[in-house]
Amino acid sequence: MKSHIDDTVDAIITSETKGMITSWNTGAVTIYASTEDAVTGKFLSIVPPFLIVEEKNFVCQTVIIIKNG
């Protein structure tokens, strides 16, 4: 799976629920001109805060569904 993510030309960026970057593919390196090492652990300020809240809510709901079966 990681090789598919790295091979795409699209920027694929993952973050934890507080908006800190956890991964950054080669597409993101090309588009944003920053290496994964340079951005990992930094706040993802290019994503509007309301999207981070929506993602956090989605992840929490998914975890609840998985736990409850």
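Each value in this text was obtained by applying a stated rule to the coordinates, not by laboratory testing. What you are looking at is a predicted structure, and each value in this text was computed from that prediction instead of being measured. Heads up, the Cβs are rebuilt from the backbone with ideal geometry, glycines too, and the neighbour counts pull from every protein chain shown.
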Discussion item. With θ taken as phi - 60° and the coefficients 6.51, -1.76 and 1.60, list the Karplus ³J(HN,Hα) couplings across region 4-15 in order, rounded to whole Hz; mark glycine and proline as x.
Written reply: 5, 5, 5, 7, 6, 7, 6, 7, 10, 10, 10, 9
Response to the item:
FRET efficiency for SER23 and ASN57 from the Cβ-Cβ distance with R0 = 25 Å, rounded to 0.05, comes out at 0.75
Discussion item. Under a crude label model (7 Å from the Cα following the beta-carbon direction), how far is THR30 from THR14 in nanometres?
Written reply: 2.1 nm
Fill in: Residues in region 5-30 that a label on ALA38 would reach, taking backbone N under 11 Å of a point 7 Å out along Cα→Cβ
29-30
